[in-house]
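**Student:** There's a structure below that I have some questions on.
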Amino acid sequence: MSQVAIIMGSKSDFNIMKEAIDVLESFGIETEYDIVSAHRTPKKMIEYATNAEKNGIKVIIAGAGGAAHLPGMVASITSLPVIGVPIKSRNSIDGWDSILSILQMPGGVPVATVALNGSKNAGILAAQIIGSFNSIISEKVKSYKKDLENSVIESSKNLKRKS
């Protein structure tokens, strides 16, 4: 059963959201993903958000561009943590419209927001949330972070040798 749901406003968002899918799969976290548009399929969005928890979902990652209402609307319906991924769409104002639409939520409706097109970080954050109650996932996240550290240390050593 999937623990993380990854939803996006349109098919064109998939290439960005795929990074979240890939990182979650690397941690062994079951994911599901779908296109759920806040503006074009509002009934589907309401049904999806309403039923997510009873379907076993623990975290929702929602990516959207332009007006980017999907993460906030989903967060207004569910008590699950929602991570918003602002996406720079083809009609975007350098992505700022998406960033501000997701970031500037009213009090009582929080959405954790990552960087523009930052679905990889959304996946890592979802894994950290799952890891807060699943020790196996927690250890995988710790190992991932250690690998990042080791990579930087190795790069530093290689740089010093060349100068």
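**Student:** Suppose we filter 157, 142, 146 for residues that are part of a helix (DSSP H, G or I), farther than 28 Å from residue 57 by Cα and of a type in the set (Lys, Arg); which single one remains?
**Tutor:** 157
**Student:** Show the residue pairs meeting these rules: Cβ distance below 8 Å; 6+ apart or different chains; first residue within the stretch 68-86 and under 15 Å from residue 44 (Cβ atoms) and touching a residue at least 60 places away in the same chain (Cβ under 8 Å); second residue part of a strand (DSSP E or B) and of a type in the set (Val, Ile, Thr).
**Tutor:** Pairs found: 70/7; 74/7; 74/60; 74/82.
**Student:** Given the condition in contact with a strand residue (DSSP E or B) (Cβ under 7 Å, 6 or more places away or on another chain), among the hydrophobic types (A, V, I, L, M, F, W, C) and at negative phi, answer yes or no: does some residue in the stretch 132-154 qualify? Give the steps one after another, and end with the answer.
**Tutor:** Step one: filter the stretch 132-154 for residues in contact with a strand residue (DSSP E or B) (Cβ under 7 Å, 6 or more places away or on another chain), giving none.
So far as the stretch 132-154 goes, no, none of its residues is in contact with a strand residue (DSSP E or B) (Cβ under 7 Å, 6 or more places away or on another chain), among the hydrophobic types (A, V, I, L, M, F, W, C) and at negative phi.
**Student:** Any residue that is more than 27 Å from residue 140 (Cβ to Cβ), crowded, with 16+ Cβ neighbours inside 10 Å, small (Gly, Ala, Ser) and under 13 Å from the mean Cα position of the chain (by Cα) - is there at least one of those in the stretch 59-71?
**Tutor:** yes
**Student:** Among the numbered criteria (1) modelled with pLDDT under 95; (2) more than 13 Å from residue 7 (Cα to Cα), which one does residue 68 miss?
**Tutor:** (2)
**Student:** Related question: For the stretch 79-97, enumerate the residues that are hydroxyl-bearing (Ser, Thr, Tyr) and buried (at least 18 other Cβ atoms within 10 Å of the Cβ).
**Tutor:** Keep residues of the stretch 79-97 that are hydroxyl-bearing (Ser, Thr, Tyr), which gives 79, 89, 92.
Matches in the stretch 79-97: 89, 92.
The values are calculated or read from the model by the stated rules, or taken from the named source; none is laboratory data. Predicted model, so just to flag it, every value in this text is computed and none were measured. Positions of Cβ are generated from backbone atoms using ideal geometry, with glycine treated the same way; all protein chains shown enter the neighbour counts.
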